[in-house]
Ligand SMILES: Cc1cc2nc3c(=O)[nH]c(=O)nc-3n(C[C@H](O)[C@H](O)[C@H](O)COP(=O)(O)OP(=O)(O)OC[C@H]3O[C@@H](n4cnc5c(N)ncnc54)[C@H](O)[C@@H]3O)c2cc1C
């Protein structure tokens, strides 16, 4: 990876917006959820977007590795929990993710 000269245009200060406030969680998927996105762009494009989000998470992991960021301890997997009984829903979601995205 070579060095690049870049120009950052920022109205406030660097890290002002959401990027300076986020919790630091890196996982595939979007807050809107697959069904909402599929309604807007169709199932095929929604799947492509989900695959892109998987690539994004992998790119972050590769950067951490390449840059030797020792403090960024990676946790494998994603734990979904529910405050109400949703076993069937969570199981169906897990099965769908496995089927569609391996
Ligand atoms: C509380 C919180 C927690 C979050 N946690 C997570 C998380 O754990 N994991 C995750 O993946 N995502 C998280 N997100 C979402 C994620 O942070 C955002 O999706 C992401 O940072 C958006 O990046 P951005 O560059 O599009 O926008 P921003 O980081 O918001 O950058 C936009 C910048 O543009 C500047 N700007 C606006 N208008 C102009 C102008 N006219 N001229 C010059 N500059 C301008 C703004 O000042 C701002 O700094 C979180 C968001 C919030 C708010």
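Before moving on, here are some points about what is shown:
- Filtered residue count, the stretch 1-29, keeping only those that are closer than 28 Å to residue 76 by Cα, in contact with a helix residue (DSSP H, G or I) (Cβ under 9 Å, 6 or more places away or on another chain) and within 12 Å of the ligand (Cβ to nearest atom): 4
- Annotation note: of 43, 39, 13, the sole residue that is free of Cβ contacts under 8 Å to residues at least 40 places away in the same chain and closer than 18 Å to residue 98 by Cα is 43.
- Single residue of 38, 92 found to be at negative phi, modelled with pLDDT under 95 and surrounded by 13 or more Cβ atoms within 10 Å (Cβ to Cβ): 38
- Among the residues examined, residue 48 qualifies as at pLDDT 90 or above, on the phi < 0 side of the Ramachandran plot and within 14 Å of the chain's Cα centre (by Cα).
- Among the candidates 32, 59, the residue that is more than 20 Å from residue 102 (Cβ to Cβ), within 14 Å of the chain's Cα centre (by Cα), modelled with pLDDT of 90 or more and within 15 Å of the ligand (Cβ to nearest atom) is uniquely 32.
- Just one of the listed residues (74, 83) is assigned to a loop (DSSP other than H, G, I, E, B), in contact with a helix residue (DSSP H, G or I) (Cβ under 8 Å, 6 or more places away or on another chain) and without any contact (Cβ under 8 Å) to a residue 24 or more places away in the chain, and it is 74.
The values are calculated or read from the model by the stated rules, or taken from the named source; none is laboratory data. Keep in mind it's a predicted model, so treat the numbers as computed, not measured. Cβ coordinates were reconstructed from backbone atoms using ideal geometry, including for glycine residues, and neighbour counts include every protein chain displayed.
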